[in-house]
Amino acid sequence: MNPNGPASLYGRLQAIVLAAGLAFLAAPVANAAEFVLVNTSGITIDRLYISPCGGRHWGPNQLAGAPVWSTRAFTVSNIEPGCYDIMVVLPPWDECILAGAALRHGLAWTISKSTVTQAVFGDCSMSPNIVLGGRRPWLTNEP
């Protein structure tokens, strides 16, 4: 068999296509966003939820099996850019929500000791951005 024949060329072409496909799958999404949870609270955080803005369900726990101890950070990557609501649950059951987070490239949320104190009093949720709730043309009283 000729090493420079059609069968050999076809085999090399298959290998190149396979290598390119594997490289594409291993590469991060070009325009993907990241969210970083930074924990300086002194407690372990084991529940983090991310949902599109105004979504009806929080979806899966992003920290399932990977708790974030104090003085550690955790990154959720390859998020489709857009508007998200983000929730952490602080022990025992205090929910803190970052509403209307614009994830374009990356965003970090630091959970500190003061966040835990605010959570105890039910005041740890915040809105980092004003989220557009709708749009209408201007209405007048003229006929």
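The values are calculated or read from the model by the stated rules, or taken from the named source; none is laboratory data. Note that this is a predicted model, so its numbers are computed, not measured. Don't worry about glycine lacking a Cβ; one is built from the backbone with ideal geometry, like all the others, and counts go over all protein chains shown. SASA here: full protein model, heavy atoms, side chains in, ligands and nucleic acids out. Shrake-Rupley method; radii C 1.70, N 1.55, O 1.52, S 1.80 Å.
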Filter the range 37-70 down to the residues that are assigned to a loop (DSSP other than H, G, I, E, B) and of a type in the set (Ser, Thr, Tyr), then identify the one that is farthest from Ile97 (Cα to Cα).
Ser70
Taking the range 44-58, which residues are surrounded by fewer than 17 Cβ atoms within 10 Å (Cβ to Cβ) and touching a strand residue (DSSP E or B) at 6+ places or on another chain (Cβ under 8 Å)?
Thr44, Ser51, Pro52, Cys53, Gly54, Gly55, His57
Quick check on the range 59-115: of everything there that is over 11 Å from Val36 (Cβ atoms) and of a type in the set (Ser, Thr, Tyr), which residue is most open to solvent (accessible area, probe 1.4 Å)?
Thr71
The one condition Cys53 fails out of (1) at pLDDT below 95; (2) under 20 Å from Asp94 (Cβ atoms) is (2)
